[in-house]
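What follows is a short report on a single structure.
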Amino acid sequence: MSAILELDRVGKTFTADGHRVVALEDVSLSFERGECHAIVGESGSGKTTLANLVLGLIPPSAGSIRFNGVPLPGERSREQRRSIQLVQQNPLSALNPRRSVGASVRLPLDVHGIGTSASRASRVAALLEEVGLDGDYARRSPRGLSGGQRQRIAIARALACEPELIVLDEPTSALDVLVQARVLQLLHRLRVARGLTYLFITHDLAVVRAIASRVSVFQKGRLVETGPVEAIFSDPKTAYTRQLIGAVPVVTDEEARLRDAIRAGAVPMDAT
Amino acid sequence: MMLAPTAEPVLTIRDLRLAFGSRRNATPVLHGISLHVRTGEKVALVGESGSGKSVTARLAMGLLQESPRTHATGSIRFDGIEAISGGREIARRRGNRVAMIFQDPTSALNPTFRIRGQFRDVLRSGDRGIRDDEADRRAEAALAEVSIPDPKRALDSYAFQLSGGMNQRVMIAMALANRPALLMADEPGTALDVTVQAQTLGLMHELTERRGTAVLLISHNLGVVREFADRVYVIYRGRMVEHGTTAQLFHDPRHPYTRALLAAIPKISGGGLPDLPERSPDFDQPMVVHEGCGEPAERRP
């Protein structure tokens with residue numbers, strides 16, 4: 001595996017009302033090509049700041065970010081912008097309600113000049129099909145669609161310009177569990193089929209366990225723990241990670257045993 | 001706390017039907033649901049968005065009925081008072097016997113008044129003649145009971161100056177201040193971080209347990225329900241689909257919808273993701289009632 005994205009001692013400080021707020025401090029982290037790397041933390045942990053830095057929406061105050069080995073400049077090239085896409089939490093506010101579904105998915109193709117005007121319509125239909133929606137959705141308005149359908153459309157739009165890395169910011173937290181399971185399945189299939197890399201931001205540790213291969217835990221702007229998902233859930237190294245796993249409301253006895261052992265600081269034999 | 005099944009229900013809902021819209025063109029939302037909550041019992045109503053769980057709570061509070069586009073039939077009895085028609089009169093007759101906690105504590109508190117004034121109003125609604133200094137003393141004690149470190153300072157604060165977790169504690173303290181018989185909690189703490197949510201749910205459990213307050217917990221989160229409730233109703237698209245004790249429901253889920261929900265939830269113990277449909281005709285199968293969990297027989301007032 002090779003690193004697609006590397007953060008080297010990245011920091012971000014905001015100034016508000018004369019106060020300096022350190023949102024992210026001295027973060028060094030590497031994302032391997034093709035992996036689903038989860039970023040976990042509570043509010044104020046800096047996970048959204050990290051996403052905004054990776055997307056180039058804000059510049060870092062310190063350190064550097066490299067993409068495919070090349071430092072990302074303050075002003076990114078069209079190619080660099082195309083390669084990193086975003087799927088947000090709330091698919092309703094992420095889609096323009098006055099634009100048809102087809103027009104929303106097509107917009108990045110127009111912006112980045114991908115294909116000919118004629119080929120774009122069939123490209124939109126193919127993208128919708130790839131996320132499990134039939135081509136008729138192109139003519140519809142996002143209003144009146146379910147949360148799951150809207151999130152599929154947001155995913156199709158993110159895929160439109162063939163990105164290498166997708167930042168998924170709480171992509172399923174607003175969805176019901178049955179819909180969430182479907183969307184997580186879709187994301188997993190797309191990652192494997194297209195060789196995508198995910199930077200998956202979530203507060204839900206059970207979702208991390210289900211979909212990610214690596215996880216990095218953030219607390220108050222600092223990276224406190226990073227490692228393979230199995231390792232973090234079988235033997236969390238920091239008190240904060242233990243506290244996070246210990247607070248998850250669980251539904252099975254097996255989960256409860258694992259959680260109680262992690263709360264107690266020990267690990268049951270059958271968890272590894 | 002599990003009470004003997006003979007204990008009198010504090011809340012009994014019978015064949016509740018609800019439709020929204022004009023008389024001629026109303027959309028049914030609830031298709032005849034029944035539930036009960038006994039004294040001191042913790043009962044959960046769990047379902048996805050649009051299942052009708054929150055409107056059930058709002059009807060039980062008497063908050064929805066006055067709207068001309070709301071058509072409710074059936075029976076909602078609390079403390080022997082029939083509330084199907086709802087409205088101010090019901091709220092007045094019930095007094096402080098029912099309280100409610102909402103999802104987002106920061107927006108549920110009035111941003112323009114300090115906590116002190118809001119807490120005095122709450123206590124005054126239970127005891128009209130209470131003096132300010134006595135109200136403040138009781139408010140401080142109530143805030144200390146929910147582990148707020150500096151109750152005096154919290155009383156002098158506005159909601160936006162406190163964290164979400166602190167506001168949730170203030171809400172719990174206010175809701176329980178007049179010792180209600182029933183607490184309705186609609187997705188409490190869902191807007192908070194998991195560690196804070198776990199703390200506030202633990203706190204709510206402990207306080208209601210100590211005082212014998214019955215709780216109707218409305219939630220979409222089966223994990224929260226498993227931690228908190230003694231007994232569970234699962235609602236799907238306006239119909240009850242399964243009813244059992246928490247142990248029965250989580251160890252032996254029988255309705256296809258409940259099974260699908262439990263399977264679809266990602267687990268911290270691993271196991272990946274099951275391939276499940278979002279909708280299935282099986283989900284419309286008749287309700288499953290576990291042993292010993294039937295609705296109590298009809299009683300004439």
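The values are calculated or read from the model by the stated rules, or taken from the named source; none is laboratory data. Quick caveat: nothing in here was measured; it's all calculated off a predicted structure. Because the Cβ atoms are built from the backbone with ideal geometry, glycine has one as well, and the counts that use them run over all protein chains shown.
So how many residues does the range B:106-153 have that are assigned to a helix (DSSP H, G or I) and among the aromatic types (Phe, Trp, Tyr)? Show your work before the answer.
Applying the first criterion (assigned to a helix (DSSP H, G or I)) to the range B:106-153 yields B:106-108, B:115-126, B:132-145, B:151-153.
When the remaining residues are screened for being among the aromatic types (Phe, Trp, Tyr), the result is B:119.
So the answer is 1.
In the range B:177-196, how many are more than 13 Å from chain A (Cβ to nearest Cβ) and either assigned to a helix (DSSP H, G or I) or of a type in the set (Lys, Arg) (or both)? Write out each step before concluding.
Step one: list which residues in the range B:177-196 are more than 13 Å from chain A (Cβ to nearest Cβ), which gives B:177-186.
Pick out the ones that are also either assigned to a helix (DSSP H, G or I) or of a type in the set (Lys, Arg) (or both) and you get B:177, B:179.
Going through the range B:177-196 one residue at a time, the tally reaches 2.
Quickly run through the range B:23-37 and pick out the residues that are part of a strand (DSSP E or B) and on the phi < 0 side of the Ramachandran plot.
Answer for the range B:23-37, where residues must be part of a strand (DSSP E or B) and on the phi < 0 side of the Ramachandran plot: B:26, B:27, B:28, B:29, B:30, B:31, B:33, B:34, B:35, B:36, B:37.
If you take the residues of the range B:255-276 that are among the hydrophobic types (A, V, I, L, M, F, W, C) and facing another protein chain (nearest Cβ under 7 Å), which of them is surrounded by the fewest Cβ atoms within 10 Å (Cβ to Cβ)? Before the answer, list the steps.
Restricting attention to the range B:255-276, the residues satisfying the condition of being among the hydrophobic types (A, V, I, L, M, F, W, C) are B:260-265, B:268, B:273, B:276.
Those still in the list that are facing another protein chain (nearest Cβ under 7 Å) too: B:260-262, B:264-265, B:268, B:273, B:276.
On the way: B:260: 22, B:261: 27, B:262: 19, B:264: 22, B:265: 23, B:268: 26, B:273: 20, B:276: 16.
Here the answer is B:276.
Return yes or no: is residue B:165 surrounded by fewer than 20 Cβ atoms within 10 Å (Cβ to Cβ) and either under 30 Å from residue B:254 (Cβ atoms) or β-branched (Val, Ile, Thr) (or both)?
Details: surrounded by fewer than 20 Cβ atoms within 10 Å (Cβ to Cβ): yes; either under 30 Å from residue B:254 (Cβ atoms) or β-branched (Val, Ile, Thr) (or both): no.
In short, no.
Just one of the numbered conditions (1) within 27 Å of residue B:57 (Cα to Cα); (2) away from chain A (no Cβ under 14 Å); (3) among the hydrophobic types (A, V, I, L, M, F, W, C) is not true of residue B:162; which one?
Every listed condition holds for residue B:162 apart from (1).
Looking at the range A:253-272, which of the residues that are of a type in the set (A, V, I, L, M) and modelled with pLDDT under 60 is nearest to residue A:239 (Cα to Cα)?
Taking the range A:253-272 as the starting set, the residues that turn out to be of a type in the set (A, V, I, L, M) are A:256, A:258, A:261-262, A:264, A:266-267, A:269, A:271.
Filter once more, keeping what is modelled with pLDDT under 60: A:267, A:269, A:271.
Details: A:267: 14, A:269: 20, A:271: 18 Å.
Per the stated criteria, the residue is A:267.
Can you tell me which residue within the range A:153-169, out of those that are over 24 Å from residue A:100 (Cβ atoms) and not aliphatic (A, V, I, L, M), is nearest to the other protein chains (Cβ to nearest Cβ)?
This residue is A:169.
Can you confirm whether residue A:135 is more than 14 Å from chain B (Cβ to nearest Cβ), out of contact with any His (no Cβ under 8 Å at 6 or more places or on another chain) and not polar (S, T, N, Q)? First the steps, then the outcome.
Working: more than 14 Å from chain B (Cβ to nearest Cβ): yes; out of contact with any His (no Cβ under 8 Å at 6 or more places or on another chain): yes; not polar (S, T, N, Q): yes.
The answer is yes for residue A:135.
More than 14 Å from chain A (Cβ to nearest Cβ), in contact with a helix residue (DSSP H, G or I) (Cβ under 6 Å, 6 or more places away or on another chain) and either closer than 30 Å to residue B:259 by Cβ or in a loop (DSSP other than H, G, I, E, B) (or both): does that describe residue B:64?
On the way: more than 14 Å from chain A (Cβ to nearest Cβ): yes; in contact with a helix residue (DSSP H, G or I) (Cβ under 6 Å, 6 or more places away or on another chain): yes; either closer than 30 Å to residue B:259 by Cβ or in a loop (DSSP other than H, G, I, E, B) (or both): yes.
Spelling it out, residue B:64 is indeed more than 14 Å from chain A (Cβ to nearest Cβ), in contact with a helix residue (DSSP H, G or I) (Cβ under 6 Å, 6 or more places away or on another chain) and either closer than 30 Å to residue B:259 by Cβ or in a loop (DSSP other than H, G, I, E, B) (or both).
Would you call residue A:58 loosely packed, with under 15 Cβ neighbours inside 10 Å and assigned to a loop (DSSP other than H, G, I, E, B)? Steps first, please.
On the way: loosely packed, with under 15 Cβ neighbours inside 10 Å: yes; assigned to a loop (DSSP other than H, G, I, E, B): yes.
Considered against the rule, which asks whether it is loosely packed, with under 15 Cβ neighbours inside 10 Å and assigned to a loop (DSSP other than H, G, I, E, B), residue A:58 comes out as yes.
Within the set of pairs 6 or more residues apart or between chains, which connect a residue that is over 17 Å from residue B:262 (Cβ atoms) inside the range A:243-272 to a residue that is at pLDDT below 90 and of a type in the set (Phe, Trp, Tyr) with Cβ atoms less than 9 Å apart?
Cβ pairs passing all conditions: none.
Are any residues in the range A:170-225 more than 11 Å from chain B (Cβ to nearest Cβ), under 14 Å from the mean Cα position of the chain (by Cα) and not in a strand (DSSP E or B), and if so, which ones?
A:170, A:171, A:190, A:191, A:196, A:213
Pick out the one residue from B:198, B:214, B:229, B:173 that is small (Gly, Ala, Ser) and surrounded by fewer than 23 Cβ atoms within 10 Å (Cβ to Cβ).
Numbers: B:214 fails: surrounded by fewer than 23 Cβ atoms within 10 Å (Cβ to Cβ); B:229 fails: surrounded by fewer than 23 Cβ atoms within 10 Å (Cβ to Cβ); B:173 fails: surrounded by fewer than 23 Cβ atoms within 10 Å (Cβ to Cβ).
Just a single option satisfies the conditions, and that option is B:198.
If I go through the range A:47-98 residue by residue, how many of them are in contact (Cβ under 8 Å) with a residue 60 or more places away in the chain and of a type in the set (D, E, K, R)?
Residues that pass the stated criteria total 3.
What residue, among those in the range A:13-42 that are over 16 Å from the mean Cα position of the chain (by Cα) and touching a residue at least 60 places away in the same chain (Cβ under 8 Å), is surrounded by the most Cβ atoms within 10 Å (Cβ to Cβ)? Steps first, answer last, please.
As a first pass, look at the range A:13-42 and keep what is over 16 Å from the mean Cα position of the chain (by Cα): A:13-28.
Going one step further and asking which of them are touching a residue at least 60 places away in the same chain (Cβ under 8 Å), we end up with A:22-28.
On the way: A:22: 16, A:23: 21, A:24: 28, A:25: 18, A:26: 15, A:27: 25, A:28: 12.
Step by step, filter the range A:13-42, then rank; the result is A:24.
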